[in-house]
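Comments concern the structure below.
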Amino acid sequence: MFEPVLTRNIHRPNSEKIYTYLANGGYEAVRLALTKSPDELIEMVKRSGLRGRGGAGFPAGVKWGFMPKDPDIPKIVAVNTDEGEPGTFKDREIVERDPHQVIEGVIIASYAVGAKRAYVYIRGEFFLGVKRWIKAIADAYEHGFLGKNILGSGFDLDMSVHRGAGAYICGEETAMLESLEGKAGNPRLKPPYPAQVGLFGYPTLVHNIETLACIPHIILRGPEWFASIGTAESKGPKIFSVSGHVNRPGNYELPLGTTIGEIIYEHAGGIRGGKKLKAVIPGGASTPILTAEHVDVPMAFETLAAVGSQLGTGAMIVMDETTCMVEVARRLTKFFAHESCGRCVPCRLGSRRLYEILERIEGGKGKPADLDLALELSRQIDGLTFCPMGSALVNPARSTIERFRDEYEDHLTYKRCMVGNPL
Amino acid sequence: MAIVSSNSTTSAADPLEDGRKRAMLLAALYIAQEQFGWLSEEAIRRVAERLDLSVGQVKSTASFYTMFKLQPQGKYRIQVCEGLSCYLVGGADPIIEYVSAKLGIQPGETTADGLFTLEVVQCLAACGTAPALKVNDELYENMTFTAIDQLIERLQEQAE
Ligand SMILES: Cc1cc2nc3c(=O)[nH]c(=O)nc-3n(C[C@H](O)[C@H](O)[C@H](O)COP(=O)(O)O)c2cc1C
Ligand code: SF4
Ligand code: FES
């Protein structure tokens, strides 16, 4: 039986407080980590197989290894709490209910890569989260876990919180760095990667907060323990945010590789009203949609890629048989069109054109050529933009057309939605 | 209370002094907005002066972010989520229409008494407790029409 690791504290009263955290073994990992060498820690994270939880799934240890070793170069750790991917609500829960777990991860990561400065970037809308971050950091200072000469180790680390102000794109790591510098959140061209040229020009290690929350457990229980959970290429526990037509929506921490069906039926209580499952978006709004046939697919990076989707943030949006797929695509594409930062034409204009096509079809005014037009437009956006947003934004339209084409054709033929209509 | 950022721990000898002033722009805009209710020309000018930036720089940065308001706002900004998860459980459009009809304003508008502004926003990371909305900084989850009635009534009483 799998025991929750990342969420083990969140149901305790006052789970966000430092005394609750300390009473449950908190900051022991930092103590242990500071007795090891930075290289040893990087090696441990590599061996654990931990991959980023912010969406892209890049191996964390490899990223730590990219940071320059020269002690004379100032280095930075930046913590991504911008969570804006529709369907995703795990990071908000972590920061509101167990921020010290993340601070511990930040201290260990900073020590391992030689950073003396850590910046938290938090989504502007997360007002409670901002308050929790600030309080937790202040308490960590007071207990000597932050500041000068942490626990007598000679290692110094300062940490501060910066509030975003409403822009989904600021979750993209280079846009986040721009925003931290007080500018509009327009992504930077990569390379150089943040590990080379990051915040204020200094090498910067950027991580999602769920990734950082895994670190203390890897140090305490060992990388082999972490790597024993999950699948061949997806290791460790993962928080799955489940929303939509399920009886018990919520965050469920389970091993990577748990199947879609198991999460929906055994954990989230099955489909509401005993209805039939129709579709699942497995990893947040930007990941391609799957159908009821995919219930046995494990929620892991490689297995979802094998069926043409992505693990993304692990946020499952579950839809029953009454859901119109054209409306799903229209609504999600509207989001991306609204959130395009406007820097490049294929994303800025392409997302709007795509939205207009879907709006037209959904409203019964679609033309027969619209489906191929939408697919062609997607081809002209995907991979041809400044940042990965372009590839993300085409997924709702393209994947619903590919997997539910008949529903689009019904809209074109009958000039309205035919879902649930037996005529 | 203006919670913006916590920079008190940074010492003057920090090697990352570069760009420090500019980096305070978002925090400064939050403070100005908190003071004036919105970012007027006057507020923008003052922020620019304090941070040695041009008015144009400050304005263009402020306008990039949806939470910075370049128009006067109602005392209570009701921000209804139109995200997919909220829509699937019966929220989004029906809630927007309900609040709109109740207050007699369209999204983006403010009531004549200056009490309420209605805004449509994207996923509030409360999809597991959808439908969700926010009033100023406060998040409200599992919303129903009855809960909205009570909420608006309470805000009206509070304002008196
Ligand atoms: C459009 C876009 C939005 C993103 N939003 C977020 C976000 O809100 N939170 C996050 O942690 N990562 C987000 N990412 C991923 C980050 O760019 C980056 O890969 C991540 O923060 C790295 O951390 P990790 O290695 O721990 O996953 C986004 C990426 C893109 C392209
Ligand atoms: S792809 Fe979109 S979000 Fe990314 S830089 Fe271009 S316009 Fe901005
Ligand atoms: S879709 Fe409304 S809170 Fe996420």
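FYI, it's all coordinate maths here, none of it is from the lab. Quick caveat: nothing in here was measured; it's all calculated off a predicted structure. A quick note on method: Cβ atoms are made from the backbone with ideal geometry, for glycine too, and the neighbour counts reach across all protein chains shown.
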Give a residue-ordered list of calculated ³J(HN,Hα) values for the range B:28-42 (Karplus: 6.51 cos²θ - 1.76 cosθ + 1.60, θ = phi - 60°; whole Hz; x for Gly, Pro). 5, 5, 4, 5, 4, 5, 4, 6, 9, x, 7, 9, 6, 3, 4
Membrane-span-like helices (DSSP H runs, Cα span along own axis at least 18 Å, mean Kyte-Doolittle at least -1.0) in chain A -> A:99-113, A:127-142, A:209-221, A:325-339, A:345-362
Within the range A:18-227, pairs of Lys residues whose Cα atoms are less than 17 angstrom apart, provided they are eight or more positions apart or on distinct chains, add up to 10
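Report the percentage of all Cα-Cα pairs in the range B:90-160 whose separation exceeds 16 Å, rounded to a whole percent.
When every Cα pair of the range B:90-160 is considered, 47 percent fall beyond 16 Å.
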Counting only other chains, and only Cβ atoms inside 10 Å, what mean value do you get across the residues of A:320-329? 1
Within 10 Å of each Cβ in peptide B:113-126, how many partner chain Cβ atoms are there on average? Round it to a whole number, please. 4
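Sum -39500 (n - 2.57) across every DSSP H segment of at least 4 residues in chain A, then divide by the residue count to get the 222 nm mean residue ellipticity, nearest 500.
It lands at -12000 deg cm²/dmol.
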Expressed in nanometres to one decimal, the distance between label points 7 Å along Cα→Cβ at residue B:98 and residue B:38 is 2.8
What residues have an amide H closer than 5 Å to that of residue A:269, excluding those fewer than 5 places away on the same chain, when H is modeled at 1.01 Å from N in the peptide plane? A:248
Run the quick spin-label model on residue A:338 and residue B:21: label points 7 Å from Cα toward the beta carbon, then report their separation in nm to one decimal. 3.7
Obtain the nm distance between the two label points defined at residue A:196 and residue A:28 by a simple spin-label model: each point lies 7 Å from its Cα along the Cα-to-C-beta direction. 4.2
Given a 10 angstrom Cα cut-off, can you work out which residue in A:44, A:176, A:299 is the most mobile in a GNM of chain A? A:44
The protein assembly as shown - Rg and Dmax from Cα coordinates, angstrom: 23.5, 75
Restricting things to alpha carbons, find the Rg to Rh ratio for the range A:237-320 using the Kirkwood radius for Rh. 0.91
State, as an integer percentage, the relative contact order of the range A:18-227 based on alpha-carbon contacts under 8 Å between residues 6 or more apart. 31
What percentage of all Cα-Cα pairs in chain B are separated by more than 28 Å? 34
Starting from the Cα of residue A:221, step 7 Å toward the Cβ, then list every residue of the range A:2-45 with an amide N under 13 Å from that point. A:2-9
If you average 1/r over all unlike Cα pairs in the range A:316-412 and invert the result, what Kirkwood radius do you get in angstrom? 13.3
Quick check: net charge around residue A:211, other residues with Cβ under 11 Å of its Cβ, Lys/Arg +1 and Asp/Glu -1? +2
Please report the equivalent ellipsoid semi-axes of the range B:15-64, computed as sqrt(5 x eigenvalue) of the Cα gyration tensor, largest first, in whole Å. 19, 11, 9
Mind checking which lysines have their C-alpha under 16 Å from residue A:278, skipping anything on the same chain fewer than 8 residues away? none
